[in-house]
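Trainee: I am attaching a structure below and will ask some questions about it afterwards.
The values are calculated or read from the model by the stated rules, or taken from the named source; none is laboratory data. Since the model is a prediction, treat every value here as computed from it, not as a measurement. Cβ sites come from the backbone with ideal geometry, for glycine too, and all protein chains shown count toward neighbours. The protein model used for the area step is the full one, side chains on, heavy atoms only, and it has no ligands, DNA or RNA in it. Shrake-Rupley method; radii C 1.70, N 1.55, O 1.52, S 1.80 Å.
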Amino acid sequence: MMHHVLESREYKLLLEFSHFDANPTLELANSFWDQRIKPTIEGRLGKRGRNSRAEEWFATAEVKSVRFWDTSACLLTRCNYALRERVSNRKEGSRKQQREITLKLRMPDMFVVAATSLRGAQGAKIAFEEDIAPLEVADQSYPTSKVAISTPRSIRSRFSLSISIKGVASEPSTLSYAAALFPTLLTNLEARGALASRSNQLQHGPAIQEHVFKGAKVRLASGTTGEFALTIWHFAPPEPVRGVAEISFKCGFENGTMPGAAAQRAFDLFIGLQEDLGNGLDLQHPSKTELALPLGCRGE
């Protein structure tokens, strides 16, 4: 029996980072929206009567510091978990500065993820979502490109169950501390055959400055809107990769389902973005998270 009901799905595309290598400004974000995203929305989906289905613009970015944590043996990564720390980018020591720790399980099997028990401290927020990316195929031209998108274009799904706790006092530097925040973590790891010890130290991946622009929307159907986000990560030196950028749109569900007309338009839009963005897509990296993990856990 499934314990969790699917709340939303998010369609994600990595972008060629050279277009976003400069300081991420609101002008840059909205220029990308007007020139690269709105034309695909209007060209692929048409209008709602006389109105464009593309609505609003991006607002000023939320800026945070981000790090991912794992053991030296990549225990979490090997079990399909990710442990993320986000800190609001305000003056250190400020009362308004807030650390959020998120534990996420992500796998292709919806039923395995839905049946997993995740618990956290009081006030923890749980989300069960579907992540949609382009369907990838074997790339014969490697190492020129690490990722090849299928022809014809299609999608692949992974399902994520995440639990977030805000106001955490300190960084998650040990598995013991992570287990105190998320009491079912060790049991879940052991159920997947991992020999987890509370004494395991955790190490973090590269320091990341994250800019997230939100506010732009696509009207998919009456009552169903896709909320766009442009996410830009800059990695601190000496990381060989300067950063990564992603455009995504997220659709909320009612009672675990999405209306057929809205789902069809979301699919058509995602296929259209894959085709229209063309060489504006990042074909070097399969995901943001893989780049953010501790060095030995990146699958390189």
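Trainee: Check whether at least one residue in the stretch 212-223 is farther than 25 Å from L76 by Cα, of a type in the set (G, A, S), touching a strand residue (DSSP E or B) at 6+ places or on another chain (Cβ under 7 Å) and assigned to a helix (DSSP H, G or I), and report yes or no.
Mentor: No, the stretch 212-223 has no match at all.
Trainee: Give the residues of the stretch 181-205 that are free of Cβ contacts under 8 Å to residues at least 40 places away in the same chain and open to solvent by less than 70 Å² (accessible area, probe 1.4 Å), sorted by residue number.
Mentor: If the condition is that a residue be free of Cβ contacts under 8 Å to residues at least 40 places away in the same chain and open to solvent by less than 70 Å² (accessible area, probe 1.4 Å), then L186, G193, S197 are the ones that fit.
Trainee: How many residues does the stretch 256-300 contain that are part of a loop (DSSP other than H, G, I, E, B) and open to solvent by less than 10 Å² (accessible area, probe 1.4 Å)?
Mentor: 1
Trainee: Which condition from (1) modelled with pLDDT of 95 or more; (2) loosely packed, with under 13 Cβ neighbours inside 10 Å is the one that I208 breaks?
Mentor: Condition (2) is where I208 drops out.
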